[in-house]
Amino acid sequence: MPESMPDAVPDSVPPLPPGLTTRPLQKSDAHAVFVLMAAQEQEDIGEVAIEEADIVSDWAKPSHDLGARSVGVWDGDTLVAYAELMGADRADTSVLPSHRGRGIGTWLAHWLEDLGRSLGSPVIGMPVPQGSPGDRLLEALGFHVRWTSWVLKLPEGASIPERDLPAGYTVRTAEPGELRAAHDVLEDAFLEWSVRERESFEDFEAATTGRPGFEPWNIRVALDPDGAVVGVSLVLVSDNGSTGYVDRLAVRRDQRNRGLAQALLVDSFARAREHGTSTAELSTDSRTGALPLYERVGMVAESVWVNRGLELTTTTENAL
């Protein structure tokens with residue numbers, strides 16, 4: 001059965017402006033959400049980072065009940081705002097810049113809070129550009145900064161200094177039979193600092209091999225002398241073909257400090273350039289402690305984001 005979705009926010013929250021309508025999102029709304037998010041990013045950070053494939057692959061995950069965990073706000077036929085909650089606490093929202101200042105963002109924040117409580121989430125959080133209208137609104141609503149993220153870029157024409165692999169190690173395209181091992185390396189590493197449920201392999205497949213435009217070379221693996229997967233890089237090419245983006249990068253704990261992460265970066269960006277890209281990007285956050293590593297190899301911060309979260313306390317009435 002679909003999860004229940006709150007029909008309204010608390011009475012203390014002002015209603016949406018007259019003339020706006022709401023409904024749960026459908027997979028066919030992916031392009032409308034992309035247009036909305038692109039307009040907000042262009043306004044807030046001066047460029048568009050989101051791609052429609054990001055939305056499509058997220059919504060393809062078997063664990064995500066889009067209809068029960070999302071709401072779109074419409075002005076006639078135009079999607080002017082949306083919110084959704086993935087997993088226990090990952091929220092995303094967007095409001096069309098032309099419709100800001102009308103209470104829509106506040107309404108969405110309370111809608112998410114109500115949904116999170118109904119699902120038993122201990123906290124909800126969302127990423128926003130630091131200092132943006134969304135950041136200021138969430139701060140005013142009591143959302144605190146949980147961590148800071150940086151989008152880093154390798155300047156056009158620059159390259160990361162190569163580092164020799166240890167004897168017997170190789171980096172290459174992952175073979176189909178290595179995908180589960182690659183997923184395990186990624187999840188084991190990310191769960192060392194990320195407080196969330198373990199991602200299922202099926203969700204991983206939807207976000208990688210099921211992503212529109214995916215090609216096998218996008219998943220790079222580092223193998224030890226015995227042929228075991230000990231490092232993974234997922235590198236994507238932007239829709240316009242200009243940027244290679246490392247979406248995930250991890251090395252098994254017992255194989256670190258051997259240069260494998262840097263070797264995977266060099267390989268990932270080189271393979272992306274072979275496919276026509278001129279720049280390279282990745283993101284990292286303050287929980288990982290990896291920012292100095294990327295700065296040392298010549299990457300520079302292009303934008304700064306904060307993840308703001310709100311603790312959800314269960315009321316006495318709900319606990320009984």
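For this structure, a couple of remarks:
- Residues in segment 127-164 that are crowded, with 20+ Cβ neighbours inside 10 Å and within 17 Å of residue 267 (Cβ to Cβ) were compared, and the one that is farthest from the chain's Cα centre (by Cα) is 160.
- Any hit, segment 86-93, residues being among the polar types (S, T, N, Q) and either open to solvent by 30 Å² or more (accessible area, probe 1.4 Å) or over 26 Å from residue 212 (Cβ atoms) (or both): yes
- Any hit, segment 166-174, residues being part of a strand (DSSP E or B), open to solvent by 50 Å² or more (accessible area, probe 1.4 Å), under 18 Å from residue 227 (Cβ atoms) and not hydroxyl-bearing (Ser, Thr, Tyr): yes
- Test: residue in segment 201-223 that is closer than 30 Å to residue 122 by Cα, surrounded by fewer than 17 Cβ atoms within 10 Å (Cβ to Cβ) and within 21 Å of the chain's Cα centre (by Cα): yes
- Within segment 224-254, the set of residues being over 14 Å from residue 271 (Cα atoms), without any contact (Cβ under 8 Å) to a residue 40 or more places away in the chain and either part of a loop (DSSP other than H, G, I, E, B) or under 16 Å from the mean Cα position of the chain (by Cα) (or both) comprises 226, 227, 240, 247, 249.
- In segment 94-108, the residues that are open to solvent by less than 30 Å² (accessible area, probe 1.4 Å) and part of a strand (DSSP E or B) reach residues that are of a type in the set (S, T, N, Q) and at pLDDT 95 or above with C-beta atoms within less than 8 angstrom, at least six apart or across chains, in these pairs: 94/40; 95/40.
- Exactly one residue out of 33, 13 is in contact with a helix residue (DSSP H, G or I) (Cβ under 7 Å, 6 or more places away or on another chain), modelled with pLDDT under 95, among the β-branched types (Val, Ile, Thr) and open to solvent by less than 40 Å² (accessible area, probe 1.4 Å), and it is 13.
- The C-beta contact set for segment 72-88 (first residue touching a residue at least 60 places away in the same chain (Cβ under 8 Å), second residue surrounded by fewer than 19 Cβ atoms within 10 Å (Cβ to Cβ) and part of a strand (DSSP E or B), distance under 7 angstrom, 6+ apart or interchain) comprises 80/74.
The values are calculated or read from the model by the stated rules, or taken from the named source; none is laboratory data. From a predicted model like this one, the values you see are computed outputs, not experimental measurements. Ideal geometry is used to build each Cβ from the backbone, glycine not excepted, and the neighbour counts take in all protein chains shown. Heavy atoms of the whole protein, side chains included, go into the accessibility calculation; ligands, DNA and RNA do not. Shrake-Rupley method; radii C 1.70, N 1.55, O 1.52, S 1.80 Å.
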